[in-house]
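A short worksheet on the structure shown next.
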Amino acid sequence: MRKLPIKIPESLKKKAKDFWYGKPHGERRLGELYEDKTGLYKHREWRGVADTNYAFLVWLRAVGVAGKLALSVPVPVVRALLRYRWMSTYLTGIAWIDRGNEGLHGEALRASMEHYYAMFYDSVRQLISQFRADSHLRLGVKNLFWYKTLDHDETIPGHLFYGFPEAYDDILAQLTTCFLNPHVCRPTITHYIDAVESIGLPADPCPLCAAEAGLCVLDDYPDFSPVFLTTNQACDGSVGTSIIQDMYWNKPLYAMPQPMRFDDPDVQQFCIDEIRGAWKFIEEQTGMKFDMNAFKKKMAAYNQLTRFEREKWDVAANTPYYPVSGTAQALYRIFYSEVGERKIWHRTDRRVKALMDRCIEKQLRPFPMTRHRALVWSCAPLYYSYFPTWLYNCWGIQVVMNMDSLMSDKVVRLENEDEMMEDLAQLFEWGPMRRMAVGGQQHIFEIWENYEKFHCDMVIMFDQVACKSMDGIHGVFEDEFRRRGIHAIWVPHELMDHRTVERAEMRRAVNDYMATVMQEEPLDPSLVEIDDSMSW
Amino acid sequence: MKDLKHLIYFENLLQEANNELVVRAKEEGRLALGYTCYFMPEVLLDLPGCFSVRLRAPRSTSPDIATYYMTNRTCTYGRSLLERALEGGYNFLDAELATETCTVTCRFQEHLQMMNIISNPKFFCTFIDVPHKKGGTTYEHYRLQLEKHVLAPLHEKLGVDVSDGALRTAIAQHNELCRLITQIGAFRKLDRPTITGFEFSLIQLVTLCCPKDLILPYLRETLEELRTREPDLKPQYRCKVLLAGSENDDPYFTKLIEDSGALVVADRHCYGSLPGREEIEIREGETALAAVARHYLDTSMCPRFMNQDVMRERKGYLADLAKEYKADGVIVEQMKFCEYWSYERVVDTIILQRDFGLPVCSIEKEYVNGTSGQLRTRFQAFVESIEIKKLQEVGKA
C-alpha cells in the first residue's frame, strides 16, 4: 500500500504540542496576559490540557468555598460587606490564587496551588466564625457564639488555645481583617494606614502595626469575643498597637509578652508563666475550663505538621525536586503556624507529600528553568507576596527558602508537663520575624548558615523600609555580602503600603542587578517591564 | 535670677562623654561602665570601684558612618551613639551593660559587641532581658537577669565586689543623690519656680554622666544656693509646661522651649528625673538586689509595659504630675523613628486633652534640636494658645 503524501506542517505540530502541554518557559510571554496598568488578566493562562484543567478545578473549588461562606451566614455576610471596608478585599480572593501560581506547571502547580487553596479555605472558615459571633452585625446583640469565641493577636499562635474545647473558635484578630488584605487586594489596606496617621501617628512605624491600629481608629474590627489577648511580637510597633487597641476597644485585655533574649535558659520560666497566666485569664473571663488532655491531643496533631515541615526543608535544601514555589512556601508556612491545628493542613500536607515523593522518585524537576537558587531574607512585601513567582518566571531565580519559614519549628514534647511547657514557650518565642530579628544579632546572621544549608547562590534581601530592626543592622549585611562574595539583591518595599515603593520599583532592583552585574538575559522578556500600577 | 555658681561647669561637663570627672575617676583606677536605658539600674554600675556613664553623644552633627550601618530610617539617638563610638568617643569604657528594650539602641549596642569598636582590651558588652510587664513573677525574672548578666560578669571579668554589702553602699550613695535631685527639682513646683527647666536638665544630666561621688559636692552646694535663690520679679516665661516623651538628653531642646516662652517644670522622659530619681527602699527581709529589681520595674513609666492597668495608669501619672508641678500644658515629644513613643505620643495627645482637659503640644524631634526653627514656631504657637485659653477662662469668670 502506498502512504498518503500528507505532511503535517511543523508549525501545526508545535501548536498542537503547545495546546496539549503548554508553551515552554521561554515562549510563554506571561506579561502579555495582563491588561495594561490594572494587571487584570485578559484571559486565563493556558498551561496545557491537564494543568489548565487542574488550575480550573481549584478555581471551581475556591468558588464553592466562597459560596459556602455566603450560604452559611448569608445575612451577616451581606452586612459585613456593607459594614467593613476590608471585606471588599475578598471579592478578588480567587484572582489571588491565580496570581500566586502564575506560570507554574506540573507538580509545582499542584503542590503550590494546594497550599493556596488551603489558605483560602481556612480564611473562609475564619470569616464565617467571626461573622457568626460578631455583635456589630447584630445591632450590638451578643449571642452565645460571642461569649464562646476567643480573640487574639495574629502573632499569638493558635496552639495556646487548644485546651479550650468548649470555645466555639479562636480567631486571629488581624489575619483576615488586615494581614491578608494586601496579599489579595493591595489598595484596601492603605485606607487604614491613613486613618491612624490622621490621628497623629507618623508615617515611619511598621505599616502592618499601623494598619492594625487604623482598623481600631475606624472601628472596623468585628466584635466577636468578650476578651482580647495580645503580645509584643514581633516588634516595638506591636507593643504600640496594643496601646491603641486598649484605648479603642476598652475590653478585658491580657498581654502575654515574650522575652526578648530567648536563647537564655533563665527567661523560659517567664514565658511559661505568661502562657499559664493567659489560660487563667480566659478561665476567669469566660468561665471555660482549660482541658489539658484536649490540649495535648491537638498539640500532638500539630507536631505532625512541624515534622512534615522539616521534611520539606530537607528536600528543598538537598535536592532540585522540591515542588513548592517560594511564594506558596512562605505564605502557607506563616499562615498555618499562626492559625494552629486544623484538618485542612493535614489534608494539604498529605497531598503535597505525595507530589514531593513523586518528584523525588521520578527525579522530576518542578522548576526546570532554575538558574539561581535564592534564599529570601528579612520580611517580605505583603502587597507583592507573589514576587518569588515573578522572580522565577522572569529570571529563573528560584526562591528555595525564606526567612520567616524557618521559625516555630519546635516539636513539643508531650510526655512530661514541665518539658511540654518549656517547648511550648520556645515555640511561642520562635514566632515569625522575631525568631531572627530579636534576641541578639546572631539570629539574623543565621542567614550564612542557611545560605549554605539550602545550597543557594543568591540572596534576595528584602529591605522593608520601615523595619527598624533590619534597618538597624543594614551595613553589617552589606559588609558581609561583600566579604563572602555573595550575590545579594536588595529589594526595597514597605510591607503593606505600595504607595511608598511600587511593585515596579521592586522588579527594577532585580532587573538592574541581573542585567548589569549578572549580565543575564530574562527568561521571559515580557515580564521585565510591566505597568501594574493600578493593579489589585 | 542670680546665676547658679556651678552651672557653666555642669554645662561644660556635658560637652563630652569622656568629661573631666570621668577622666579623673579613670585616673583613680575606677572602671567606667556604660549604659543607655533606665532598665539598666545605674546603681548596680556604681558599685565600689566603678562608676556609671549613661551614654550621650554631645555636639553631634551628621552621623554619616552610622547611617551606612543603620540607614537613615532609624532614630538619630542610636545613630549618633554609634557614630560617636566609631569616632573613638567611648574608648574610655570598660564595659557596656546593655538592654534589649528598644530596637535601635539594642542594635547600637550589638554593633559594640560584634564590631570591636571600643579600643579597650578589657571591654565587653552584655545584655539583659527586661520584661514587658510589671508585677507577679516579673520581679524575680528581672532580678535573675541582673544577677546573671550584670553582677556576675562584672565580678568575673572585672573583679568588682558585687556582694550585698557593696550593693547597699552603692544604694546609700544613690539615694543621697536622688534626695538632692528631688529637693532641687521641688523648686520647680513653686508658684514662681526658682530654677529653670534648662538649669535643672543640666543638673539632672550630669548626675547620669559623671561619677556620683565626684558630682555630689557640687549638687550639695547647688541645693544650698537654691534655698536662698530669689525668683525674678517679673517672670521670664508666659506659661509652665510638662515635658514628656522619649529619649531626650539635649538640654538645649529644653532651652528652645523656654526661649519660646514656656517654663519646663517637669521632665517625664528618658534621661529625665520623673521617674528616675526616687530613693530605693530595701524592705525587711529583702536583698539589696531584689529591692533594686522591684524599684526599677515599679517606678518606670516606659511605654513598653503592656499590662492593661499599667497602660492606663501612665496617663493618670502624667496628669498628676501636671497638677503637682502646676503645669498649664504638656509637650509630648517623640524621637523621630521611635516606635514606642510614636504610639504613646498619639494616645497621650488624645487622652490628656479628652480625659484630663490638658492642652497638649505633640511633636517629633531629632537628637539635636537646639536651632530648629520649625519647633520654635510650634512652641510659640502652643504658648499663645495656652495664653488665649487663660484669657478666655478669665473672661468667663
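Residues that are in contact (Cβ under 8 Å) with a residue 60 or more places away in the chain and within 26 Å of residue A:396 (Cα to Cα), at least 3 per element: which helices (runs of 4 or more DSSP H) completely within region A:435-505 meet that?
Helices (runs of 4 or more DSSP H) meeting the threshold: A:446-453.
Please go through region B:119-135 and pick out each residue that is of a type outside the set (Phe, Trp, Tyr), more than 8 Å from chain A (Cβ to nearest Cβ) and out of contact with any helix residue (DSSP H, G or I) (no Cβ under 6 Å at 6 or more places or on another chain).
Result: B:119, B:120, B:121, B:122, B:135.
Could you tell me whether region B:265-287 includes any residue that is out of contact with any strand residue (DSSP E or B) (no Cβ under 9 Å at 6 or more places or on another chain), of a type outside the set (Phe, Trp, Tyr), assigned to a helix (DSSP H, G or I) and on the phi < 0 side of the Ramachandran plot?
no
Can you work out which of the residues in region A:269-281 that are of a type outside the set (Lys, Arg) and more than 10 Å from chain B (Cβ to nearest Cβ) is farthest from residue A:429 (Cα to Cα)?
So, considering only residues that are of a type outside the set (Lys, Arg) and more than 10 Å from chain B (Cβ to nearest Cβ), the one farthest from residue A:429 (Cα to Cα) is A:281.
For the structure I just gave you, tell me whether residue A:462 is more than 9 Å from every other protein chain (Cβ to nearest Cβ) and under 19 Å from residue B:66 (Cβ atoms). Walk me through how you get there before you give the answer.
Working: more than 9 Å from every other protein chain (Cβ to nearest Cβ): yes; under 19 Å from residue B:66 (Cβ atoms): no.
No.
For region A:91-175, give me every one of the helices (runs of 4 or more DSSP H) that falls completely inside it and has 3 or more residues that are at pLDDT 95 or above and either farther than 21 Å from residue A:408 by Cβ or touching a strand residue (DSSP E or B) at 6+ places or on another chain (Cβ under 7 Å) (or both).
A:106-133, A:144-148
Among the residues of region B:344-383, write down those that are under 19 Å from residue A:204 (Cβ atoms), assigned to a loop (DSSP other than H, G, I, E, B) and within 21 Å of the chain's Cα centre (by Cα).
Within region B:344-383, B:366, B:367, B:368, B:369 meet the criteria.
Take the residues of region B:297-331 that are touching a Pro at 6+ places or on another chain (Cβ under 8 Å) and touching a residue at least 40 places away in the same chain (Cβ under 8 Å): which is nearest to the other protein chains (Cβ to nearest Cβ)?
B:306
Collect the residues in region A:206-223 that are more than 12 Å from every other protein chain (Cβ to nearest Cβ) and touching a Phe, Trp or Tyr at 6+ places or on another chain (Cβ under 6 Å), keeping them in residue-number order.
Correct list: A:211, A:215, A:220.
Restricting to region B:55-80, and then to whatever is surrounded by fewer than 21 Cβ atoms within 10 Å (Cβ to Cβ) and away from every other protein chain (no Cβ under 13 Å), can you tell me which residue is nearest to residue B:297 (Cα to Cα)?
Filtering region B:55-80 for residues that are surrounded by fewer than 21 Cβ atoms within 10 Å (Cβ to Cβ) and away from every other protein chain (no Cβ under 13 Å), the one nearest to residue B:297 (Cα to Cα) comes out as B:58.
Given the residues A:506, A:518, which is the only one that is buried (at least 18 other Cβ atoms within 10 Å of the Cβ) and of a type in the set (A, V, I, L, M)?
A:506
Among what's in region B:338-376 and is free of Cβ contacts under 8 Å to residues at least 24 places away in the same chain and not polar (S, T, N, Q), pick the residue that is nearest to the other protein chains (Cβ to nearest Cβ).
B:346
If you go through region A:193-203 one residue at a time, do you hit one that is at the interface with another protein chain (Cβ under 7 Å from one of its Cβ atoms) and within 30 Å of residue A:92 (Cβ to Cβ)?
Here is the first cut: in region A:193-203, the ones at the interface with another protein chain (Cβ under 7 Å from one of its Cβ atoms) are A:199-202.
Narrowing further to those that are within 30 Å of residue A:92 (Cβ to Cβ): A:199, A:201.
The answer is yes, given that some residue of region A:193-203 is at the interface with another protein chain (Cβ under 7 Å from one of its Cβ atoms) and within 30 Å of residue A:92 (Cβ to Cβ).
Looking only at region A:259-268, filter to residues that are in contact (Cβ under 8 Å) with a residue 40 or more places away in the chain and more than 9 Å from every other protein chain (Cβ to nearest Cβ); which one of those is surrounded by the fewest Cβ atoms within 10 Å (Cβ to Cβ)?
Residue satisfying both the conditions and the ranking: A:263.
Is it the case, given these coordinates, that residue B:360 is surrounded by 20 or more Cβ atoms within 10 Å (Cβ to Cβ), modelled with pLDDT of 95 or more, among the β-branched types (Val, Ile, Thr) and over 23 Å from residue B:278 (Cβ atoms)? Quick ask: steps written out before the conclusion?
On the way: surrounded by 20 or more Cβ atoms within 10 Å (Cβ to Cβ): yes; modelled with pLDDT of 95 or more: yes; among the β-branched types (Val, Ile, Thr): yes; over 23 Å from residue B:278 (Cβ atoms): yes.
Spelling it out, residue B:360 is indeed surrounded by 20 or more Cβ atoms within 10 Å (Cβ to Cβ), modelled with pLDDT of 95 or more, among the β-branched types (Val, Ile, Thr) and over 23 Å from residue B:278 (Cβ atoms).
Regarding region B:136-148, can at least one residue be identified that is touching a strand residue (DSSP E or B) at 6+ places or on another chain (Cβ under 9 Å), over 23 Å from residue A:473 (Cα atoms), surrounded by fewer than 21 Cβ atoms within 10 Å (Cβ to Cβ) and within 14 Å of chain A (Cβ to nearest Cβ)?
Looking through region B:136-148, at least one residue is touching a strand residue (DSSP E or B) at 6+ places or on another chain (Cβ under 9 Å), over 23 Å from residue A:473 (Cα atoms), surrounded by fewer than 21 Cβ atoms within 10 Å (Cβ to Cβ) and within 14 Å of chain A (Cβ to nearest Cβ).
Which of the residues belonging to region A:204-219 are in contact with a helix residue (DSSP H, G or I) (Cβ under 6 Å, 6 or more places away or on another chain) and surrounded by fewer than 23 Cβ atoms within 10 Å (Cβ to Cβ)?
The answer is A:216, A:217, A:218.
Out of curiosity, is residue A:431 more than 30 Å from residue A:526 (Cα to Cα), within 18 Å of the chain's Cα centre (by Cα) and in a loop (DSSP other than H, G, I, E, B)?
For residue A:431, the condition - more than 30 Å from residue A:526 (Cα to Cα), within 18 Å of the chain's Cα centre (by Cα) and in a loop (DSSP other than H, G, I, E, B) - is met.
Search region A:241-258 for residues being more than 9 Å from every other protein chain (Cβ to nearest Cβ) and in contact (Cβ under 8 Å) with a residue 12 or more places away in the chain, and hand back the single one that is nearest to the chain's Cα centre (by Cα).
A:245
Where the second residue is of a type in the set (Gly, Ala, Ser) and the first is at negative phi and lies in region B:1-20, which pairs have Cβ atoms under 6 Å and are six or more apart or on separate chains?
Here the result reads B:17/B:89, each pair linking region B:1-20 to a residue that is of a type in the set (Gly, Ala, Ser).
Can you name every residue in region A:230-240 that is more than 7 Å from chain B (Cβ to nearest Cβ) and assigned to a helix (DSSP H, G or I)?
Within region A:230-240, just A:238 meets the criteria.
The values are calculated or read from the model by the stated rules, or taken from the named source; none is laboratory data. Note that the structure is a prediction, hence the values are computed from the model and not measured. Every residue, glycine as well, gets a Cβ built from its backbone with ideal geometry; the counts of neighbours run over all protein chains shown.
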